[in-house]
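Beneath this line is the structure, given in structure tokens, with notes to follow.
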Amino acid sequence: GQNIDQPTEMTATEGAIVQINCTYQTSGFNGLFWYQQHAGEAPTFLSYNVLDGLEEKGRFSSFLSRSKGYSYLLLKELQMKDSASYLCAPINQAGTALIFGKGTTLSVSS
Amino acid sequence: DVKVTQSSRYLVKRTGEKVFLECVQDMDHENMFWYRQDPGLGLRLIYFSYDVKMKEKGDIPEGYSVSREKKERFSLILESASTNQTSMYLCASSTRDSNQPQHFGDGTRLSIL
């Protein structure tokens, strides 16, 4: 089976740090993506993890623990433009498609 | 930059109509995908294709079919549109390498009246 769990909504203030958690249960594991989606727009790629540990990309970092079925996206120095939905998406067992979580809507206020 | 183009941004059709949603990518990607996105349900995979004339069912294929006659084009067909198919439809493409991200089009907001 496959199940992805992430918080529905989060709020934070400009300049802060926020961590968006994702737990997943999939039949196999081939890697995990994070996407950002602004309202009314297409999802855009943020990060990819296949090995345990932290991947850093500027203000955004993503962490993976395969043994725990757990990932998080860390956003530093939050800006208003970071208000968006963040989608956690493990690759399916066959390695052919992504399984998307329902997304976490982040609201950044001044 | 990868460009995934969906033919319409907004579309209004009537119940029972046959509806075609078109998607074209310009990066010679092998894989193409159709999703629908609904509030509270997230992105759900309808169909995908990993080569010309090949197709695989996703999680919610019922009521839909697809066509991939050329590598760059992937069409989603609603054989007989129903109101519960009102949704945002997103097309995506990727290389065959599962480590590479999918690239999405801007979406088609389809309303079935």
Restricting the search to segment A:4-62, which residues are β-branched (Val, Ile, Thr) and modelled with pLDDT of 95 or more?
A:Thr8, A:Thr11, A:Thr13, A:Ile17, A:Val18, A:Ile20, A:Thr23, A:Thr44
Yes or no: segment A:59-68 includes at least one residue that is exposed (fewer than 13 other Cβ atoms within 10 Å of the Cβ), within 14 Å of chain B (Cβ to nearest Cβ) and under 29 Å from B:Ile46 (Cβ atoms).
no
Identify all residues within segment A:1-11 that are more than 20 Å from B:Pro101 (Cβ to Cβ), exposed (fewer than 15 other Cβ atoms within 10 Å of the Cβ) and either at the interface with chain B (Cβ under 10 Å from one of its Cβ atoms) or over 12 Å from the mean Cα position of the chain (by Cα) (or both); write none if there are none.
A:Gly1, A:Asn3, A:Thr8, A:Glu9, A:Thr11
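Please verify whether B:Ser82 is away from chain A (no Cβ under 14 Å), polar (S, T, N, Q) and within 12 Å of the chain's Cα centre (by Cα), treating the condition exactly as stated.
Working: away from chain A (no Cβ under 14 Å): yes; polar (S, T, N, Q): yes; within 12 Å of the chain's Cα centre (by Cα): no.
Taking the combined requirement at face value, the residue does not satisfy it.
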Pull up segment A:12-50, narrow it to residues that are open to solvent by 30 Å² or more (accessible area, probe 1.4 Å) and assigned to a strand (DSSP E or B), then point me to the one that is nearest to A:Gln93 (Cα to Cα).
A:Gln25
Matching residues in segment B:19-74 (over 27 Å from A:His38 (Cβ atoms) and facing chain A (nearest Cβ under 9 Å)) number 2
Counting only residues in segment A:69-110 that are more than 30 Å from B:Arg96 (Cα to Cα) and open to solvent by less than 20 Å² (accessible area, probe 1.4 Å), the one nearest to the other protein chains (Cβ to nearest Cβ) is identified as A:Leu106
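Taking into account only those residues within segment B:1-40 that are free of Cβ contacts under 8 Å to residues at least 24 places away in the same chain and open to solvent by 80 Å² or more (accessible area, probe 1.4 Å), which is nearest to B:Lys70 (Cα to Cα)?
Across segment B:1-40, the extreme among qualifying residues is B:Asp1.
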In segment A:35-45, residue nearest to the chain's Cα centre (by Cα) [restricted to those that are under 11 Å from A:Leu87 (Cβ atoms) and within 9 Å of chain B (Cβ to nearest Cβ)]
A:Tyr35
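Considering segment B:42-78 alone, what residues qualify as being open to solvent by 40 Å² or more (accessible area, probe 1.4 Å), without any contact (Cβ under 8 Å) to a residue 40 or more places away in the chain and outside any strand (DSSP E or B)? Walk me through how you get there before you give the answer.
In the first step, residues of segment B:42-78 are kept if they are open to solvent by 40 Å² or more (accessible area, probe 1.4 Å); the result is B:44, B:50-57, B:59, B:62-63, B:69-73.
Now restrict to residues that are without any contact (Cβ under 8 Å) to a residue 40 or more places away in the chain: B:44, B:51-57, B:59, B:62-63, B:69-70.
B:Asp51, B:Val52, B:Lys53, B:Met54, B:Lys55, B:Asp59, B:Glu62, B:Gly63, listed by residue number.
The values are calculated or read from the model by the stated rules, or taken from the named source; none is laboratory data. Keep in mind it's a predicted model, so treat the numbers as computed, not measured. When we count neighbours, we look across all protein chains shown, and the Cβ atoms used for this are built from the backbone with ideal geometry, even at glycine. Just the protein is used for accessible areas: all its heavy atoms, side chains included, with ligands, DNA and RNA removed. Shrake-Rupley method; radii C 1.70, N 1.55, O 1.52, S 1.80 Å.
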